[in-house]
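> One structure is given below, represented as structure tokens, and several questions about it will come after.
The values are calculated or read from the model by the stated rules, or taken from the named source; none is laboratory data. None of these values were measured; they are calculated from a predicted model. To get the accessible areas, we keep the full protein, side chains included, count just its heavy atoms, and leave off ligands, DNA and RNA. Shrake-Rupley method; radii C 1.70, N 1.55, O 1.52, S 1.80 Å.
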Amino acid sequence: MTSHQTTQTMKPATAAKKLGVYLEATPAEFQEGVVSRTELNALQADPPQWLQDLRRNGPHPRPVVAAKLGISISGLARGGITEPLTTEQIDALKKDSPEWLQKERATQAEVRKEAARIKEKNAARDEQPGPPRS
């Protein structure tokens, strides 16, 4: 009996998310087709010019915008940013550093600090010998 492997495919939206690009900014042939796992790996390993340009200049999806600004996706929404932004727009926001962005960055720094504290606490707890198990 021979096993027949089917090719894994994904919707363009899933592939765009994995590539970190805004779907609506991708070429029509990418948006209208399906992407196989092999094609996705090829795009990641050797990105075509359109993908390089999108990653460099945008427009970027919200997770990428949030990461570039150093805040959470929720922080973007609280700041009134609901649309994809270009790299130029992100750089302008960083330069202007509005109050909401400063506040969200401070909040994100606190969240990271708390996560590190909990991780250290858990690591210390895991190192301590516990009561004997029966």
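> Past 26 Å, Cα to Cα, is the threshold; run K18/K68; K17/K103; K94/K121 against it and keep the listed order.
In this structure, K17/K103; K94/K121 lie more than 26 Å apart at Cα.
> Another one. Of E83, E99, E24, which is the most mobile in a GNM of the chain whose springs link Cα atoms less than 10 angstrom apart?
For the chain, modelled as a Gaussian network with Cα springs under 10 Å, the answer is E99.
> Search the structure for amide H atoms under 5 Å from the amide H of L85, placed 1.01 Å from N in the peptide plane, and list their residues when 5 or more places away or on another chain.
Excluding prolines and chain starts, which carry no amide H, the hits are H60.
> For the range 33-48 and the range 93-113, what is the separation of their C-alpha centers, rounded to whole Å?
35 Å
> Also: Per residue, how much accessible area does the range 4-134 have with a 1.4 Å probe, in Å²?
Solvent-accessible surface per residue comes out at 71 Å².
> Among (i) 25, 19, 11; (ii) 44, 19, 11; (iii) 35, 30, 11, which one is semi-axes √(5λ) of the Cα gyration tensor in Å computed from these coordinates?
From the options (i) 25, 19, 11; (ii) 44, 19, 11; (iii) 35, 30, 11, the structure gives (iii).
> Heavy atoms only, probe 1.4 angstrom, no DNA, RNA or ligands counted: give me S36, S74 ranked by accessible area, highest first. Could you put the intermediate results ahead of the total?
On the way: S36 15, S74 70 Å².
Ranked list, largest accessible area first: S74, S36.
> Ok, one more. Roughly how many percent of the accessible protein surface of the range 1-125 is carbon and sulfur, given a 1.4 Å probe and a whole-percent answer?
Within the range 1-125, the accessible surface is 52 percent carbon and sulfur.
> Whole-Hz ³J(HN,Hα) for each residue in the range 113-122, computed from phi via Karplus 6.51 cos²θ - 1.76 cosθ + 1.60 with θ = phi - 60°, x for glycine and proline: what do you get?
Using θ = phi - 60°, the values come out as 5, 5, 4, 5, 4, 5, 4, 4, 4, 5 Hz.
> With springs only between Cα atoms under 10 Å apart, run a GNM on the chain and tell me which of K103, K119, K17 wobbles the most.
K119
> Quick check: with the 1.4 Å probe, what order do T82, T14, T26 take by accessible area, largest first?
Order by accessible area, largest first: T82, T14, T26.
> Step through the residues of the range 45-50 one at a time and calculate ³J(HN,Hα) from phi using the Karplus curve (6.51 cos²θ - 1.76 cosθ + 1.60, θ = phi - 60°), rounding each to whole Hz and writing x for Gly and Pro.
6, 9, x, x, 4, 4
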